[in-house]
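The values are calculated or read from the model by the stated rules, or taken from the named source; none is laboratory data. Small disclaimer: the values here were computed from a predicted structure and weren't measured. Glycine also receives a Cβ, built like all others from the backbone with ideal geometry; neighbour counts cover every protein chain displayed. Ligands, DNA and RNA are excluded from the accessible area calculation, which covers all protein heavy atoms including side chains. Shrake-Rupley method; radii C 1.70, N 1.55, O 1.52, S 1.80 Å.
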Amino acid sequence: MGETKKKGYPKGFWVCGCTEIFERLAYYLGRSLILIFVTASVATGGLGLSKGQGATMQSLLTAFAYLGPLVGGVIADRYIGGRYTTPIGYIIAGIGYYCGGIAKSPAMVYVMIFCVSIGLGLQKTGALIGRIVTDKDQVDSAFSIRYTLVNTGAFIGTFLVGILYKDVFAKNGVLGFAPCFKLAAISMWAGALWFFVLGNRFMGEVGKKPFKFEKTAEELEREKAEKAAHKEESKKEPLTKVEKKRIAAIFLVAGFSVIFWIFWNLAYLPVYYYWTEHMNWVVAGYEVPTTWFDAANSMFCVILGPVTAMLWRKLAARPQGDMSLFKKTGIGIGILGVSYIFFAALDMMRGGAKISVLWLLIFSFILTLGEMFFSPLGHAFISKYSPSRYLSTMMAVWGIATFISSLAYGPLFSATFEGGFKFSSVCIAIAVVAFISAVVLFVLDKRLSKLVEDEEEVEA
């Protein structure tokens, strides 16, 4: 057990994790910028469209960036290894961001959205990590560290974009949208080069074949047992009972993921549409950019990633074993509910006055803490229990939950916060739903955990 604690992560893990720094820098730079670019006047370098059009374009970029992996998952699972689809995807996404850099009409922005969605769909670094980190006791902590690396890129992108387009790249009254989008393209192409060169050096044979040919030790052991029992193998071997249960568990957790991400994304909108009017955004004489709230979330992800990774490793080393994913997920949703209670308390506390924007740092910390209990562990769970032939596809199922929530939280915002209801009352109602979801996961934990247990483990 002591050796497991001291054991480091394989170098291939760091190659994949750092590759995503390039991708997230580009994605969050582009995602933050698109809303401003589309609505800025033509004279200042924008497209001069309405806020509604800008919001629609941003939501489409967010939604389809998480739907693309479903198509890419089928390709990586069955036809082309993730080692090859990933750099190709980065190149395609880079072309998309470059199209944003030369966009003079909405049509070119939609080309950007299409290319970025296809490119990110082909990225399979998460699935590759699931095969590089073979020690199950390391998987949860590895994906938490990966989340830190991912959000390092997100922090850089969201923090710098406000400075770059307004100050660094702005000339003669024309804002620097085009250079920023082109910078995102360069980041993607640099990521492709990084992955290609270091992947060949440190990742061995992992990902060179479709995932259906890269089976885990558990799957290989099961095959040996079947051969010993004189069961014939075929290339189209049906799913076993255990595999079917595990796929069902993945879909179930993805269902709770929809609830989580709807409420998580919904929490962002009051920052931009409610608290901009009811908070004082000037700190020490400087007006804080609204986009820095996104940067605060990424910063806390970077800080909390190693902390939660240590927590998962300590829990895994206990005599009774690790806490189940279902309990961890329940805690994450419960913490999300606490963040809405905090929002409600702020609104009641302020009376009719404006309060300092610094309160949002506490809210961002609570929101991020819930995220760290939820988001990285979904990928870890899938990498542990998904049948190899459906690994990328099951990873994409997690992304589909984000796709659904990205399409849903906008209309939900209009029906709740913009529906004439009291702000604090809406927050409390959302918190209640979150708490109920958390309780359900805790109550059903034993039944749900049985879905992923091997039949031999149950008998033991």
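For the range 104-155, what are the residues that are of a type in the set (Phe, Trp, Tyr), under 19 Å from ILE21 (Cα atoms) and modelled with pLDDT of 85 or more? Spell out how you get there, then give the answer.
Within the range 104-155, the subset of a type in the set (Phe, Trp, Tyr) is 110, 114, 143, 147, 155.
Going one step further and asking which of them are under 19 Å from ILE21 (Cα atoms), we end up with 143, 147, 155.
Within the range 104-155, just PHE155 meets the criteria.
Check ARG83, ARG31 and return the single one that is touching a residue at least 24 places away in the same chain (Cβ under 8 Å), farther than 29 Å from LYS212 by Cα and among the basic types (Lys, Arg).
Numbers: ARG83 fails: farther than 29 Å from LYS212 by Cα.
Going through ARG83, ARG31 in turn, the sole match is ARG31.
Set side by side, the residues ARG313, ARG318 differ, and just one is basic (Lys, Arg), touching a helix residue (DSSP H, G or I) at 6+ places or on another chain (Cβ under 9 Å) and open to solvent by 30 Å² or more (accessible area, probe 1.4 Å), which is ARG313. Scanning the range 70-79 for residues that are modelled with pLDDT of 80 or more, open to solvent by 20 Å² or more (accessible area, probe 1.4 Å) and under 20 Å from the mean Cα position of the chain (by Cα) returns VAL71, VAL74.
Does at least one position in the range 27-49 carry a residue that is of a type in the set (Phe, Trp, Tyr), assigned to a helix (DSSP H, G or I) and open to solvent by 40 Å² or more (accessible area, probe 1.4 Å)?
So the first thing to find is which residues in the range 27-49 are of a type in the set (Phe, Trp, Tyr), and the list is 27-28, 37.
Then keep just the ones that are assigned to a helix (DSSP H, G or I); that gives 27-28, 37.
Filter once more, keeping what is open to solvent by 40 Å² or more (accessible area, probe 1.4 Å): 28.
Scanning the range 27-49 turns up at least one residue that is of a type in the set (Phe, Trp, Tyr), assigned to a helix (DSSP H, G or I) and open to solvent by 40 Å² or more (accessible area, probe 1.4 Å).
For beta carbons closer than 8 Å, sequence separation of 6+ or different chains, a first residue in the range 310-331 that is at positive phi and in contact (Cβ under 8 Å) with a residue 12 or more places away in the chain and a second that is surrounded by 16 or more Cβ atoms within 10 Å (Cβ to Cβ) and assigned to a loop (DSSP other than H, G, I, E, B), there are no qualifying pairs. Quick one: would you say ALA415 is modelled with pLDDT of 75 or more, open to solvent by 40 Å² or more (accessible area, probe 1.4 Å) and closer than 21 Å to GLN53 by Cα? Yes, satisfied.
One line per residue, one yes/no per condition, for (1) touching a Pro at 6+ places or on another chain (Cβ under 8 Å); (2) polar (S, T, N, Q):
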| position | (1), (2) |
| --- | --- |
| SER50 | no, yes |
| ALA55 | no, no |
| PHE64 | no, no |
| LEU67 | no, no |
| GLY73 | no, no |
| ALA76 | yes, no |
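Could we say that ILE366 is open to solvent by 10 Å² or more (accessible area, probe 1.4 Å), farther than 30 Å from ASP77 by Cβ, in contact with a strand residue (DSSP E or B) (Cβ under 7 Å, 6 or more places away or on another chain) and among the β-branched types (Val, Ile, Thr) here? It is false that ILE366 is open to solvent by 10 Å² or more (accessible area, probe 1.4 Å), farther than 30 Å from ASP77 by Cβ, in contact with a strand residue (DSSP E or B) (Cβ under 7 Å, 6 or more places away or on another chain) and among the β-branched types (Val, Ile, Thr).
If we keep just the residues of the range 83-107 that are among the hydrophobic types (A, V, I, L, M, F, W, C) and under 11 Å from TRP189 (Cβ atoms), which is least open to solvent (accessible area, probe 1.4 Å)? Full working, then the answer.
Applying the first criterion (among the hydrophobic types (A, V, I, L, M, F, W, C)) to the range 83-107 yields 88, 91-93, 95, 99, 102-103, 107.
Filter once more, keeping what is under 11 Å from TRP189 (Cβ atoms): 91-93, 95.
Details: ILE91: 82, ILE92: 48, ALA93: 0, ILE95: 81 Å².
It comes out as ALA93.
Checked against (1) assigned to a helix (DSSP H, G or I); (2) over 27 Å from ILE75 (Cα atoms); (3) hydrophobic (A, V, I, L, M, F, W, C), ALA103 passes all but condition (1). Residues in the range 385-436 that are over 19 Å from the mean Cα position of the chain (by Cα) and β-branched (Val, Ile, Thr): THR416, VAL426, ILE428, ILE430, VAL432, VAL433, ILE436.
Identify the residue in the range 50-64 that is touching a residue at least 60 places away in the same chain (Cβ under 8 Å) and among the aliphatic types (A, V, I, L, M) and, among all such residues, is surrounded by the fewest Cβ atoms within 10 Å (Cβ to Cβ). It would help to see each step written out before you state the result.
Narrowing the range 50-64 to residues touching a residue at least 60 places away in the same chain (Cβ under 8 Å): 55, 59, 62-64.
Applying the additional criterion that residues be among the aliphatic types (A, V, I, L, M) yields 55, 63.
Working: ALA55: 16, ALA63: 20.
Selected residue: ALA55.
Note on the range 305-344: residues that are touching a Ser or Thr at 6+ places or on another chain (Cβ under 8 Å) and more than 24 Å from LEU444 (Cβ to Cβ) amount to 8.
A search for C-beta distances below 8 Å between a residue of the range 134-161 that is farther than 19 Å from GLY12 by Cβ and without any contact (Cβ under 8 Å) to a residue 40 or more places away in the chain and any residue that is in a helix (DSSP H, G or I) and of a type in the set (Lys, Arg), counting only pairs 6+ apart in sequence or on different chains, returns nothing. When GLY157, GLY173, GLY191 are screened for being open to solvent by 10 Å² or more (accessible area, probe 1.4 Å) and either more than 19 Å from GLY126 (Cα to Cα) or touching a Ser or Thr at 6+ places or on another chain (Cβ under 7 Å) (or both), only GLY173 passes. Restricting to the range 81-100, count the residues that are closer than 13 Å to LEU60 by Cβ and not in a helix (DSSP H, G or I). Final tally of qualifying residues: 0. Every condition in (1) open to solvent by less than 30 Å² (accessible area, probe 1.4 Å); (2) closer than 25 Å to SER449 by Cα holds for LEU346 except the one numbered (2).
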